[in-house]
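A.B. asks: Let me begin by handing over the structure; questions about it come next.
The values are calculated or read from the model by the stated rules, or taken from the named source; none is laboratory data. Values in this document were obtained by computation on a predicted structure and should not be read as measured data. All Cβ positions, even for glycine, are placed from backbone atoms using ideal geometry, and neighbour counts span all protein chains on display. These accessible areas exclude ligands, DNA and RNA; they are computed on the full protein's heavy atoms, side chains included. Shrake-Rupley method; radii C 1.70, N 1.55, O 1.52, S 1.80 Å.
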Amino acid sequence: MLILGIETSCDETAAAIVEDGRRVIAEIVASQAAVHAQFGGVVPEVASRQHIQLLIPVIEEVMRQAAVDWSDLSAIAVTAGPGLAGSLLVGVNVAKALALAQKLPLIPVNHLAGHIYAGWLYDEVPTPEPRFPLLCLIVSGAHSDLVLMSGHWQFQRIGRTRDDAAGEAFDKVARLLGLGYPGGPAIQRAAAAGSPDAIPFPRSSVPGRYDVSFSGLKTAMRRLIARYPAGEAPVADLAASFQAAVAEVLTTNALRAAAEHDVAELLVCGGVAANLELRRQLGARSPVPVRWPPVRWCTDNGAMIAAAGYFASRAGVRADFSLDADPALTLGTERPEERDALGTH
Ligand code: KG4
Ligand code: ZN
């Protein structure tokens, strides 16, 4: 079963063709990062205009690379939310138009389910499937969620951030340090020349829950930087110590949830899952196997949406042409019965 996945929730215009929710046949990610870098962050209006220009050529090119015709496809999966309203709208409307024209089923996918199902993808050699109960740590530019999965398409959110998402914290602190955008990779590069123990940043946790908070860390960083004359802050040490603190907070919280829920595996996904210090700490401390999608499937991409679309369609998820983008979509609301119960659509 071949599914075309379309992702336009933020600043990547992406499409992919995936077989049976796992094997990537072809994929393209047109990143707008260079366009937004000049503004120091994603500018929503610019992002939607870029999606409008790029999406159709990206889809045509992925179909060409996969050497498939519309009649070879079984469905079109598209990110319906959460994300930037104008960006989501482009993907949803293009997917609707294609589904209508090509008479293909339309599958709405929650972006976070997409990040999770990146854990099922492979391209050449099949990998073992993640095992349930599975704890998913989703760390992206907008989320730091812990989601417990008891089976396919069964999502229970047990933890989140109280303020900034992990990626957002990286991006804001990178700006404070003058390191540019996107902040995560920039901090990781700067941190390589610094000491993680140089500055004892606070490691805050929310007692009795699996929530995290990064605003204290960000404030501590702002105060520290203000103490140095312009251009004299020890950027490498600050970056390394900040990165170590974020990684430790995420690791401690995830491992406590993993132990208390007796999970079989831990899956780490989303853009911040690319972070090497987080990988090092979790790898060293976790008693259960930790699974990391390859870096290109941690950041936003179309393959993860096609994969999630496959498992969603197996769970009976399907949209009609009234499908609308939902910038605040929460995970688990795509199942028809839950959607009705919540009255969100
Ligand atoms: O998942 P993603 O591509 O987009 C969202 O859905 O948000 O995540 C983007 C976030 C950005 O905040 C970026 O700074 C962060 O992931 N990121 C990293 C790294 N690579 C990307 N954070 C830390 N270390 C990295 N190596
Ligand atoms: Zn994402």
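A.B. asks: Dividing the alpha-carbon radius of gyration of the stretch 1-112 by 2.2 N^0.38 Å (N being the number of residues), what value is obtained?
C.D. replies: 1.03
A.B. asks: Right, another one. Once the whole set of protein chains is in place, how much accessible area is left on TYR228, using a 1.4 Å probe, in Å² to the nearest 10?
C.D. replies: 90 Å²
A.B. asks: While we're here: If each of ARG227 and ALA193 carries a label point 7 Å out from its Cα toward its Cβ, how far apart are those two points in nm?
C.D. replies: So the two model labels end up 2.2 nm from each other.
A.B. asks: Under 17 Å Cα-Cα from LYS96, which aspartates and glutamates qualify once same-chain neighbours fewer than 8 residues away are excluded?
C.D. replies: Counting by Cα, and skipping residues close in sequence, LYS96 has these aspartates and glutamates nearby: GLU7, GLU60, ASP320, ASP324, ASP326, GLU334.
A.B. asks: Now for a separate question. Given 0.36 nm per residue, what is the gain on full extension from PHE321 to GLN102 after removing their alpha carbon distance, in nm?
C.D. replies: 77.5 nm
A.B. asks: Also, quick follow-up: What dipole magnitude, in Debye to the nearest 20, does the stretch 184-295 give about its Cα centre under +1 on Lys/Arg Cβ and -1 on Asp/Glu Cβ?
C.D. replies: It works out to roughly 220 debye.
A.B. asks: Calculate, in whole percent, how much of the Cα-Cα pair population of the stretch 97-144 lies beyond 17 Å.
C.D. replies: For the stretch 97-144, the share of Cα pairs beyond 17 Å comes to 56 percent.
A.B. asks: Quick one: Kirkwood hydrodynamic radius for the stretch 178-306, alpha-carbon pairs, angstrom, one decimal?
C.D. replies: 15.9 Å
A.B. asks: Additional query: What number, rounded to the nearest 500 deg cm²/dmol, is the helix-based mean residue ellipticity at 222 nm of the chain, given -39500 (n - 2.57) per DSSP H run of at least four residues and division by all its residues?
C.D. replies: -13000 deg cm²/dmol
A.B. asks: Still on this structure: Plugging the Kirkwood radius over Cα pairs into Stokes-Einstein for the chain, at a temperature of 10 °C and a viscosity of 1.306 mPa s, what D comes out in µm²/s?
C.D. replies: This corresponds to a translational diffusion coefficient of 78 µm²/s.
A.B. asks: While we're on this one: What number comes out for accessible area per residue over the chain if the probe is 1.4 Å? Units Å², please.
C.D. replies: So the chain comes to 41 Å² accessible per residue, rounded to a whole number.
A.B. asks: Report the net charge of residues surrounding ASP262, where surrounding means a beta-carbon distance below 13 angstrom and charges are Lys +1, Arg +1, Asp -1, Glu -1.
C.D. replies: The answer is 0.
A.B. asks: In nm, to one decimal, how far is the GLU45 label point from the VAL295 one, both placed 7 Å along Cα→Cβ?
C.D. replies: Label at GLU45, label at VAL295, 3.4 nm between them.
A.B. asks: Treating only the Cβ atoms of Lys and Arg (+1) and Asp and Glu (-1) as charged, compute the dipole magnitude of the stretch 85-240 about its Cα centre; round to the nearest 20 debye.
C.D. replies: Computed about the Cα centre, the dipole is about 460 debye.
A.B. asks: OK, next. For the stretch 130-192, what is the Kirkwood estimate of the hydrodynamic radius, computed as the reciprocal of the mean inverse distance between distinct Cα atoms, to one decimal in Å?
C.D. replies: The answer is 13.0 Å.
A.B. asks: Any chance you could get the radius of gyration and Dmax over the Cα atoms of the stretch 232-275, in Å?
C.D. replies: Values for the stretch 232-275 (Cα only, Rg and Dmax): 13.9, 47 Å.
A.B. asks: In addition: In degrees between 0 and 90, to the nearest 10, how far off the longest principal axis of the chain does helix 215-226 point, with axes built from Cα atoms?
C.D. replies: Helix 215-226 sits at roughly 50 degrees to that axis.
A.B. asks: Under 14 Å Cα-Cα from LYS218, which aspartates and glutamates qualify once same-chain neighbours fewer than 8 residues away are excluded?
C.D. replies: Within the straight-line cut-off, LYS218 pairs with ASP163, ASP164, GLU168, ASP171.
A.B. asks: Right, here's the next one. From Cα coordinates alone, what are the radius of gyration and Dmax values for the stretch 69-179 in angstrom?
C.D. replies: Looking at the stretch 69-179, its Cα Rg and Dmax stand at 17.2, 51 Å.
A.B. asks: Just the number, please: carbon plus sulfur as a percent of the accessible area of the chain, 1.4 Å probe, no ligands or DNA/RNA counted.
C.D. replies: 53 percent
A.B. asks: Given the Cα-Cα distance of SER150 and ARG209 and 0.36 nm per residue of separation, how much length would full extension add, in nm?
C.D. replies: Result: 19.3 nm gained on full extension.
A.B. asks: Next question. Could you sort the peptides 252-262, 124-134 by per-residue average Cβ neighbour count (10 Å cutoff), highest mean leading?
C.D. replies: In descending order of packing, they fall as 252-262, 124-134.
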